[in-house]
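The values are calculated or read from the model by the stated rules, or taken from the named source; none is laboratory data. Please read these numbers as outputs of a predicted model, since none were measured by experiment. Because the Cβ atoms are built from the backbone with ideal geometry, glycine has one as well, and the counts that use them run over all protein chains shown. The protein model used for the area step is the full one, side chains on, heavy atoms only, and it has no ligands, DNA or RNA in it. Shrake-Rupley method; radii C 1.70, N 1.55, O 1.52, S 1.80 Å.
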Amino acid sequence: MSTQFLLTGATFETSGNPMTSPWQDAVRINTSGAVLTENGRISAVGNPDELRAAHPRANPVDYSGKLICPGFVDAHAHYPQTAMIASWGKQLIDWLNSYTFPEEMRFADAGFARETAARYLDLITAHGTTTVCSYTTIHPASVDAFFDAAQARNMAVVAGKTCMDRNAPDGLKDTPQSAYDDSKALLERWHGRDRLQYAITPRFSPTSTPEQLQAMGALWAEHPDCLMQTHLSEQPDEVAWVAELFPGARDYLDTYEAHGLLGKRGVFGHAIYLTDREKDRLAETGAALVHCPTSNTFIGSGLMDVAGLAAHDIRLGLATDTGGGSSFSMLRTMAAAYEIAQLRGTALHAAQLLWLATAGSADSLHMGDEIGRLRPGNAADLTILNLASTPAIAQRHARATDIWEAVFPTIMMGDDRAVADVWINGERIAR
C-alpha cells in the first residue's frame, strides 16, 4: 500500500534560472502551498485545499509559518576533512600540507573511514543538506565507506576516489595505472546503484602528472555518464604553480582540456581567477563551476565573480567545501555568498541564494530531474525552515513586509536551529 503525506505551508518553487533572468520570473514562494508525496516522490505541488480534497487519505503534516524547500544540495565538499574543519591560519598549499594530507592518511583505516562518513552525513543532514558531491581520499575504502553510509540513509550523493601521483606524501600517492584501475572498479561497483553516482576525481593539476590526467580522461571517455570533479584557479600562487608545472598549457583550464577532462559533465570548484578564454570554453562546453564562499574567505583565496560568470552563461552551483569551508551549513554558505557578491558590487537576492543552494547545485551535478526542485516526479528530499528560529531572527522576521524579507534573516543568521525538519526520499528523518 502506498503512503502519502500532504505537507502544508509556504513552498519555495522554481520555474527558471534567477541568475540569468529576473528573479521574479524564475522563482516564487507560495505562502499557502502544499506538497503531496507518495512512495518517496513528489506527486503534486499546489493548493492545500484542492490537494486535501483530492487525496483525503494522505497523512497531513502541518508546516504553517514555515518554508518547505527542496533539500539543500552541497556541490563540492571533502568528507575526509570533517574532523579538521576550522583549522587555523593557512593558505591553500600550506593548509593542505599541514592539515589535510596528514588527516587523509588516516583513511587507510577502513573503520576510521566508516566512522567519519557516518558522522559527516549526520552533520550535514542536521543542517538541511540532503545531497552532497564529495571528494574522498586515494584509499578505495574511503569511497566504499562514504557510499555505504549514504546508501543506508537513502541519500542521493556523488563521490569518487581522489587521485594524486605527485606533490603529496608517499602515503597519499597512487599511480596513473592504479588510479585508473581503482577508479574503474569503484565506478563499476557504485555508479547508478540506488541513489549513488560516481565522479571521476583528479584532485587538481598540481597533484597529478600529465600521465595521470590522461588516464582519468580516458576513463571518463569510457564512462561519459559519470561526472568529473576537480579544482580550478583557487589561489594566485596555485595558478602560478600550475603554469610552472605545465609550461605548454594555455592556462589552468587547458591542463584539464588537453587530457580529456573538460566537458558538459565536468564540475570545477572555486574558479576565482579565470581568463577570458577559460570562461568562453566553460560556457561552450557546458561545464559547471561551484562557488565555495566560506572556504574562499577562510583560506584567503579571493572573491568569485558569481554575477559575472552567470552573465557568461556558465552553469553555477554552491558548496560548503568543508573542511576548507568553515561551516557544514548551506545557510551559512548562502550568507557568505551574499557577502562576497556585495564586495564585488552585486546584491544577490534571497531568491537567487536559495536557488543556488537547491536547483542551481542540482543542475551543476546533472541531477535536476531528481532533486533540487519541488515538482512532480522529483524525489521527496525536503528541508523545512523555521523562519523565526532564534530571538534575533524572530524579531527581524516580525518586521518583514513581504515573504522575501521574512526569509532573508534566516539566510543571513540561520544555522541548524532553523532546520525544523528534513525529509529524505519521502521519509522524515530523526534529528
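For this structure, a couple of remarks:
- The combined condition, being farther than 19 Å from PHE204 by Cα, within 20 Å of the chain's Cα centre (by Cα) and at pLDDT 95 or above, is fulfilled by ARG315.
- Selection within segment 187-216 - among the aliphatic types (A, V, I, L, M) and buried (at least 21 other Cβ atoms within 10 Å of the Cβ): LEU187, ALA199, ILE200, LEU213, ALA215, MET216
- Residues in segment 394-412 that are touching a strand residue (DSSP E or B) at 6+ places or on another chain (Cβ under 7 Å) and crowded, with 23+ Cβ neighbours inside 10 Å were compared, and the one that is farthest from ALA337 (Cα to Cα) is VAL407.
- Scan of segment 156-174 for residues that are assigned to a helix (DSSP H, G or I), in contact (Cβ under 8 Å) with a residue 60 or more places away in the chain and not aliphatic (A, V, I, L, M), ordered by number: GLY171
- Test result for LEU219, touching a helix residue (DSSP H, G or I) at 6+ places or on another chain (Cβ under 7 Å), touching a residue at least 40 places away in the same chain (Cβ under 8 Å) and either closer than 22 Å to ILE429 by Cα or surrounded by fewer than 24 Cβ atoms within 10 Å (Cβ to Cβ) (or both): no
- Looking only at segment 91-138, and only at residues there that are of a type in the set (Val, Ile, Thr) and at pLDDT below 95, the one that is farthest from GLY325 (Cα to Cα): ILE93
- Strands (runs of 3 or more DSSP E) contained in segment 1-107 and holding at least 1 residues over 28 Å from GLY308 (Cα atoms) and open to solvent by less than 10 Å² (accessible area, probe 1.4 Å): 4-14, 27-38, 41-46, 59-70
- Residue selection: ALA141 fails the criterion of being surrounded by 24 or more Cβ atoms within 10 Å (Cβ to Cβ) and at pLDDT 95 or above.
- In segment 7-23, the residues that are within 13 Å of GLY360 (Cβ to Cβ) and among the β-branched types (Val, Ile, Thr) reach residues that are open to solvent by less than 10 Å² (accessible area, probe 1.4 Å) and part of a strand (DSSP E or B) with C-beta atoms within less than 6 angstrom, at least six apart or across chains, in these pairs: THR14/VAL27.
A quick yes/no check of all residues on (1) within 21 Å of PHE107 (Cβ to Cβ); (2) within 24 Å of the chain's Cα centre (by Cα); (3) at pLDDT below 95; (4) in a helix (DSSP H, G or I):
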position: ALA145; (1), (2), (3), (4): yes, yes, no, yes
position: ASN154; (1), (2), (3), (4): no, yes, no, no
position: TYR180; (1), (2), (3), (4): yes, no, no, yes
position: GLN197; (1), (2), (3), (4): yes, yes, no, no
position: GLY217; (1), (2), (3), (4): no, yes, no, yes
position: THR230; (1), (2), (3), (4): yes, yes, no, no
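- Test: residue in segment 175-191 that is more than 27 Å from ASP148 (Cα to Cα), out of contact with any Cys (no Cβ under 9 Å at 6 or more places or on another chain), free of Cβ contacts under 8 Å to residues at least 60 places away in the same chain and among the polar types (S, T, N, Q): no
- Among the residues making up segment 279-310, those that are more than 30 Å from GLY89 (Cβ to Cβ) and among the acidic types (Asp, Glu) are ASP280, GLU284.
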